[in-house]
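So the structure is just underneath, and the comments pick up after that.
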Amino acid sequence: MFRSVDEVAARLAEAGYLASPAVATTVFLADRLGKPLLVEGPAGVGKTELAKAVAEVAGARLVRLQCYEGVDESRALYEWNHAKQLLRISAGRDESWDETRTDIFSEEFLLPRPLLTAIRGDDPKVLLIDETDKADVEVEGLLLEILSDFQVTVPELGTITATRRPFVVLTSNASRELSEALRRRCLFLHIGFPDEELERRIVRLKVPGLSQALAESVVRVVGALREMELRKVPSVAETIDWARTLLALGADTLDETVVRDTLGVLLKHQDDILRAAAKLDLDAV
Amino acid sequence: MTAVGVAERLTGLVGALRAHGLRIGTGETVDAAQAMEALGFADRELLREGLAATLLHGTAQRPVFDPVFDLYFPRGVGAPQGQPTNREDLRDRLAAALTANDRAQMGQLAAEAVDGFGGYGNSPTSDGWSSHQTLEWLRPQTLLARVRTSIRAQGGNAGFTDRLLEDEIRQRIEGFRRQVAAEARRRVAERRGRDEIARRAVAPTADRVDFLFAGRAQLAELRRAVQPLARKLATRLAARRRRASRGTIDLRRTLRGSLSTGGVPMRPVLRRRRPVRPELVLLCDVSGSVSGFSDFTMLLVQALHDQFSKVRVFAFVNRLDEVTPLLTHGTADPEGLGTRIRDEATLTGWHGSSDYGVALGEFAERYGDAVGPRTTVFVLGDARTNMSDPNLPAVRHIAQRARRVYWLNPEQRSQWGTGDSAAPDYAELVEMHECRNAQQLSALVGRLLPI
Ligand SMILES: Nc1ncnc2c1ncn2[C@@H]1O[C@H](COP(=O)(O)OP(=O)(O)OP(=O)(O)O)[C@@H](O)[C@H]1O
Ligand SMILES: [Mg+2]
């Protein structure tokens, strides 16, 4: 898919994603070695966005499995369309039960879910398994099976094997430790907070009207907040929100009043706001 | 590099990482070799990222990986190019690099500084390169004011963000110090063999640093790990709770439900756990020797407090006092917690060293009602009684009233009972566990915390 790491970075940038060298290198290798990519990092650093950008660059369809507590095989893999099966049975054509049974367990009555969708068909796909850490351990076993062989066995239909393997991205906030076995299947990428220069470029890309000087100040203040011991430090998503807010307020430089009035966009906990205000020498909020 | 050289480099790197406790299999090593082939050697930073992507499985491993990588794939070989420099010239150029925030130039200067001023000894067996000596001589921290002035003079830093400038410069200087340390390690490794240096001179991951020997920076890093660790443990507790509530069938309700199906128990009714959550009491030795351990554990328990119906925390040195309220408000200022506890609570009588016997006796006497059949008690400390009476009856008394009592001891098990340690005596009465680092602590907490 890519000839070099530079090409990865350049094409992702065209799709609106500015990749650090670590991100570009790892995406390049995931493609070359044909391995799934496990992306970990704090909320709002662009993990999901990366998968979307890769799909766009590859001209691939994005198939997304959003994980949550309680997600199960019937949500992740496939399910039989019971309602349709019942209709078919009660329509009761003139045939034996065996014939009916063969018929209702055919592809027509199958509801493919993301994991099955991702391995069927010949078109290129990116499979995004988002927030893997939210799913229960049992689902991890399922993922492990699929990521090893890229095949799924449906007892009534037989085994479906991918003719074209999808590019797989798993994301995790590390709220739960993923199993060693799953990690071993994947290339590992940690996305942390970007360095100043990269974050400035992201802000200017996402918030076009913002001046270079204000973008620089915004990124520096966010950087200072990340050095404080807060319950939740601001991520890239918050930096972008803050920049948008400042633009909407028509602020062209930062001053105490505007920072104080908008700190709530960056920090979500009241005690974080108080603490940051004190450290930044803002008057009482 | 020759093909053999490359393979050897890679196996050396993998061996050193394994020696630091990273689990790396053959599969990963093969992937890493393929990554090297695909990336080539032209760009060292890409190689670094490629090897990290193939060999590592988690974020916590990265601080070990980077210095080890620097040894096996060094920035250069031998001494830096150029003429030897004098101190003032080097400081001038460093000030300029700090002003421009030019990392590459700072790296170059680190190499020159170590080469010019970091060497010591004059026999091949004992000499080496010292980052400490280099930094003592160069004193980069004293450039702060100068760099600040020159950044201000360039303009563009007026207004609100000026207040951030000093901290930013400090971080740049801190970065330079790390570059000097890396360079000194590289030079030593050239002389003594990188395998040895990679094992000895690279610090372990923060969660494997002994609480008793952790420095300030490492303790700060641990404090930052409290919230993520707490989240991880909370999910583990939730899973244990789910497992515990699953499986037990409520016979009475199953039979009652079966009346509608003609007495055939069609649908087993699972017993719902009582919604009451357990209570926790923490008794923490916060005397100097073990305070790093206690502070960390208190913060962790506080972060987990909504898992319990009640958490009470007591601190002691040779007197004991309740510090629960200090802790509740302490999450906003974790680094100040220890100081506040020692300032605001009454923890010492007429001398300053730990006395477990008196403190435990005081607890049993004054706060006995804090412990009941639903309470799990954790005692945190090294059980070093300074030769005074361990007061075993007090511990026996607490153990009788509580649901469980666990003692977490930050000392290596082999040290228990040596000198003034009363650990073996206490361990006969309550379950005592060795708990030397954050890794052991999180495993223990995940396993022992009541659900
Ligand atoms: N390198 C980047 N280039 C372009 N946009 C970025 C980059 N990093 C982050 N963003 C922007 O930051 C925002 C948050 O990204 P995203 O939702 O992908 O984060 P996430 O890591 O998936 O977070 P979560 O863990 O909460 O799901 C998006 O609006 C995205 O466009
Ligand atoms: Mg996301």
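The values are calculated or read from the model by the stated rules, or taken from the named source; none is laboratory data. Fair warning: this is a prediction, and the values are worked out from it, not measured in the lab. Quick reminder, even Gly has a Cβ in these numbers, built from the backbone with ideal geometry, and neighbours come from all protein chains shown. We work out accessible area using only protein heavy atoms, side chains counted, and drop any ligands, DNA or RNA first. Shrake-Rupley method; radii C 1.70, N 1.55, O 1.52, S 1.80 Å.
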Q. Looking at B:424, B:410, which one is modelled with pLDDT of 90 or more and either hydroxyl-bearing (Ser, Thr, Tyr) or under 14 Å from residue B:212 (Cβ atoms) (or both)?
A. B:410
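What number of residues in the stretch A:44-89 are outside any helix (DSSP H, G or I) and loosely packed, with under 13 Cβ neighbours inside 10 Å? So that I can check it myself, show each step before the final result.
Restricting attention to the stretch A:44-89, the residues satisfying the condition of being outside any helix (DSSP H, G or I) are A:44-46, A:59-72, A:77-81.
From what's left, loosely packed, with under 13 Cβ neighbours inside 10 Å: A:59, A:68-70.
So the count comes out to 4.
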Q | Near pairs, Cβ below 7 angstrom, 6+ apart or cross-chain, from the stretch A:47-63 (more than 12 Å from residue A:123 (Cα to Cα) and assigned by TED's automatic domain parsing to the domain that holds residue A:30) to any residue that is of a type in the set (Phe, Trp, Tyr) and near ligand 1 (Cβ under 8 Å from one of its atoms) | A | A:49/A:17; A:50/A:17; A:53/A:17
Q | Residue under evaluation residue B:151, criteria (1) surrounded by fewer than 19 Cβ atoms within 10 Å (Cβ to Cβ); (2) under 30 Å from residue A:211 (Cα atoms); (3) over 33 Å from the mean Cα position of the chain (by Cα), criterion not met | A | (1)
**Q.** Search result, residues across the stretch A:224-243 that are surrounded by fewer than 20 Cβ atoms within 10 Å (Cβ to Cβ), over 23 Å from the mean Cα position of the chain (by Cα) and either part of a helix (DSSP H, G or I) or among the acidic types (Asp, Glu) (or both)
**A.** A:224, A:227, A:229
Q) Inside the stretch A:206-255, can you point out the residues that are within 16 Å of ligand 2 (Cβ to nearest atom) and small (Gly, Ala, Ser)? A) A:235, A:237
Q.
Show me the helices (runs of 4 or more DSSP H) found entirely inside the stretch A:90-184 where at least 1 residues are in contact with a strand residue (DSSP E or B) (Cβ under 7 Å, 6 or more places away or on another chain).
A. A:114-119, A:137-149
Q) List, please: which pairs have Cβ atoms under 9 Å, are six or more places apart or on different chains, and start with a residue in the stretch B:142-165 that is within 13 Å of another protein chain (Cβ to nearest Cβ) and touching a residue at least 12 places away in the same chain (Cβ under 8 Å) and end with one that is open to solvent by 40 Å² or more (accessible area, probe 1.4 Å) and assigned to a helix (DSSP H, G or I)? A) B:165/B:148; B:165/B:152
Q) Given B:38, B:16, which one is within 17 Å of residue B:186 (Cβ to Cβ) and of a type outside the set (Ser, Thr, Tyr)? A) B:16
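Restricting to the stretch A:29-78, and then to whatever is basic (Lys, Arg) and within 14 Å of ligand 2 (Cβ to nearest atom), can you tell me which residue is farthest from the other protein chains (Cβ to nearest Cβ)? Before the answer, list the steps.
Filtering the stretch A:29-78 down to residues basic (Lys, Arg) leaves A:32, A:35, A:47, A:52, A:61, A:64, A:75.
Among the residues that remain, those that are also within 14 Å of ligand 2 (Cβ to nearest atom) are: A:47, A:52, A:64.
Details: A:47: 13, A:52: 20, A:64: 23 Å.
Among those residues, the one meeting the criterion is A:64.
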Q | Residue tally, condition touching a Ser or Thr at 6+ places or on another chain (Cβ under 7 Å) and within 14 Å of chain B (Cβ to nearest Cβ), over the stretch A:151-175 | A | 4
Q. Just one of the numbered conditions (1) more than 26 Å from residue B:53 (Cβ to Cβ); (2) in contact (Cβ under 8 Å) with a residue 40 or more places away in the chain; (3) touching a Lys or Arg at 6+ places or on another chain (Cβ under 7 Å) is not true of residue A:191; which one?
A. (1)
